[in-house]
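What follows is a single structure, written as structure tokens, with notes after it.
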Amino acid sequence: MDSPKIACRRCGRIVSAEAPHCPECRADPRTGLSSYRGGERDRVRVCEGVGIRCVAFAVDFVILSAVFLMIALFVYLVLVGAGEFAKIGKEPPSWPLWVVFSCAAFVYFWVCEARWTRTLGKRFFDLRVVRTDGGRVGYGAAFVRTLLRFIDWLPGCYLVGAALVWLTPKRQRLGDLAAGTVVVRPRTMPAEELAANRLPTAPWPGAA
């Protein structure tokens, strides 16, 4: 028989009621108290910068492109079977595929970050999108964050977004600033190192 599940009082992750500590925040899930406090260490969510976020986005882009190419190949084969390319002077337009790809990419980032706090690319690097107060993003904030990717991309290769991540204290691009979100990764660090580096962090939603 499976043991009962509870929500960790520090980070909200669903864990076994018998777990000695939460795998996400390393706190006692029943009390929410950090298991590292006595050793002057703690599990914190550090706001991440341009480098690792670009790599995660590249993974997402490869996944989306692979799906797009498979769909495009399927459509091409259907058109060939229907004899569309045999009609002189009639070439099927490519713009509908790009519209579908753009819409699919928008929904992918929006839904993944709203429902699971991260895309597949972010999952590979243990990144999450959370509100600046540590809470879940939700569909509204995730929609704003995703919509403003088009501006963050300008004039190309996310130059606007990268510049803002470098310049803002919590490493936020325009979409993050508008939606009130940050991209974080959990790290276990000595307290003195955290204070000395002055790393920007987002709190655990249930932390005192």
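Can you report the number of residues in the stretch 33-48 which are within 30 Å of Val111 (Cβ to Cβ) and either part of a strand (DSSP E or B) or at pLDDT below 95 (or both)? Spell out how you get there, then give the answer.
Narrowing the stretch 33-48 to residues within 30 Å of Val111 (Cβ to Cβ): 43-48.
Narrowing the set further to residues that are either part of a strand (DSSP E or B) or at pLDDT below 95 (or both) leaves 43-47.
Number of matching residues: 5.
Among the numbered conditions (1) at pLDDT below 95; (2) over 30 Å from Met189 (Cβ atoms); (3) surrounded by 14 or more Cβ atoms within 10 Å (Cβ to Cβ), tell me where Glu91 comes up short.
(3)
Suppose the filter is in contact with a strand residue (DSSP E or B) (Cβ under 7 Å, 6 or more places away or on another chain), assigned by TED's automatic domain parsing to the domain that holds Phe106 and at pLDDT 95 or above; does Val144 pass it?
On the way: in contact with a strand residue (DSSP E or B) (Cβ under 7 Å, 6 or more places away or on another chain): no; assigned by TED's automatic domain parsing to the domain that holds Phe106: yes; at pLDDT 95 or above: yes.
Against the criterion (in contact with a strand residue (DSSP E or B) (Cβ under 7 Å, 6 or more places away or on another chain), assigned by TED's automatic domain parsing to the domain that holds Phe106 and at pLDDT 95 or above), Val144 does not qualify.
Restricting attention to the stretch 148-175, and to residues there that are free of Cβ contacts under 8 Å to residues at least 40 places away in the same chain, assigned to a helix (DSSP H, G or I) and within 16 Å of the chain's Cα centre (by Cα), which single residue is farthest from Cys25 (Cα to Cα)?
Asp152
I'm checking my understanding of the structure. Among residues of the stretch 151-208 that are surrounded by 13 or more Cβ atoms within 10 Å (Cβ to Cβ) and among the hydroxyl-bearing types (Ser, Thr, Tyr), which one is modelled with the lowest pLDDT?
Of the residues in the stretch 151-208, the ones surrounded by 13 or more Cβ atoms within 10 Å (Cβ to Cβ) are 151-153, 158, 160-165, 168, 170-187, 189-191, 194, 199-207.
Checking which are among the hydroxyl-bearing types (Ser, Thr, Tyr) leaves us with 158, 168, 181, 201.
Values: Tyr158: 86, Thr168: 96, Thr181: 97, Thr201: 91.
The selected residue is Tyr158.
Determine the pairs where a residue that is outside the structural domain of Lys170 (by TED's automatic domain parsing), located within the stretch 34-47, has a partner that is among the small types (Gly, Ala, Ser) and modelled with pLDDT under 75 with Cβ atoms under 7 Å apart, the partner being 6 or more residues away or on another chain.
Going by the 7 Å Cβ cut-off, the qualifying pairs are Glu40/Ala191; Arg41/Ala191; Asp42/Ala191.
Give the residues of the stretch 116-145 that are closer than 17 Å to Arg53 by Cα, touching a residue at least 40 places away in the same chain (Cβ under 8 Å) and not in a loop (DSSP other than H, G, I, E, B), sorted by residue number.
Within the stretch 116-145, Leu120, Gly121, Lys122, Phe124, Arg128, Val129, Val130, Arg131 qualify.
The values are calculated or read from the model by the stated rules, or taken from the named source; none is laboratory data. This structure is a prediction, so every number in the text was calculated from the model and none was measured. All Cβ positions, glycine included, derive from the backbone under ideal geometry; neighbour counts span all protein chains shown.
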